[in-house]
Amino acid sequence: MEIVNSREALLVRNSELAQSRFSDAKLSLSSFDDVNMQGSTFSNTNLADASFIDVNLSNVSIKDANLTGMKINDMLVSELIRVYEKHSTGK
C-alpha cells in the first residue's frame with residue numbers, strides 16, 4: 001500500500017507493517033504504544049521534544065546526534081558524557 005500526499009491522521013491497530021518505509025513524512029505529535037520497531041533505522045529524523053517511556057533501548061547506537069538538553073532518568077546526557085570522559089582520561 002502506498003500513501004502519497006495524504007493529510008489525514010491514521011489509526012493503525014493490530015497490524016503487521018514490518019519493513020515499512022516512511023520518507024519525508026510529518027509524524028509530529030504521533031503516539032506509538034506497544035509498538036515493535038526492533039531493527040529499525042532512523043536517519044535525518046527530528047525527535048526533538050519526544051518522550052520515551054518504558055522503552056527497550058538495548059544495543060541502540062546513536063551517532064552524530066544533537067544531544068542538547070537530552071535527559072535519561074532526569075540526568076543530562078551531556079553531563080554524563082563529560083563525567084565519563086573526565087574519568088576515562090584521568091583528567
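Some notes on this structure:
- Placing R0 at 22 angstrom, the Cβ-Cβ distance between Thr41 and Ser6 gives a FRET efficiency of 0.45 after rounding to 0.05.
- Low-density loop positions, chymotrypsin sites (Phe, Trp or Tyr not before Pro), the chain - DSSP coil, at most 14 other Cβ in 10 Å: Phe22, Phe32, Phe42, Phe52
- Principal axis dimensions, the stretch 24-84 - Cα atoms, whole angstrom, descending: 36, 23, 20
- Cα-derived Rg to Rh of the stretch 1-40, Kirkwood definition: 0.91
- Lysines whose Cα lies under 26 Å from that of Lys86, excluding same-chain neighbours fewer than 8 positions away: Lys63, Lys71
- For the stretch 4-75, the list of trypsin sites (Lys or Arg not before Pro) that fall in a loop by DSSP and count at most 10 other C-beta atoms within 10 angstrom reads Arg7, Arg13, Arg21, Lys26, Lys63.
- Each Lys and Arg adds +1 at its Cβ and each Asp and Glu adds -1 at its Cβ; summed about the Cα centre, the chain shows a dipole of about 360 debye.
- Applying both filters, DSSP loop and at most 13 other Cβ atoms within 10 Å, to the GluC sites (Glu not before Pro) of the stretch 1-88 gives Glu2, Glu8, Glu16.
Any read-out appearing in this document is the output of simple, stated calculations on the displayed coordinates, not a laboratory observation. Only a predicted model underlies this, so the values are computations on that prediction, with no experimental measurement involved. Reconstructed Cβ throughout: ideal geometry from the backbone, glycine too, with neighbour counts over all protein chains shown.
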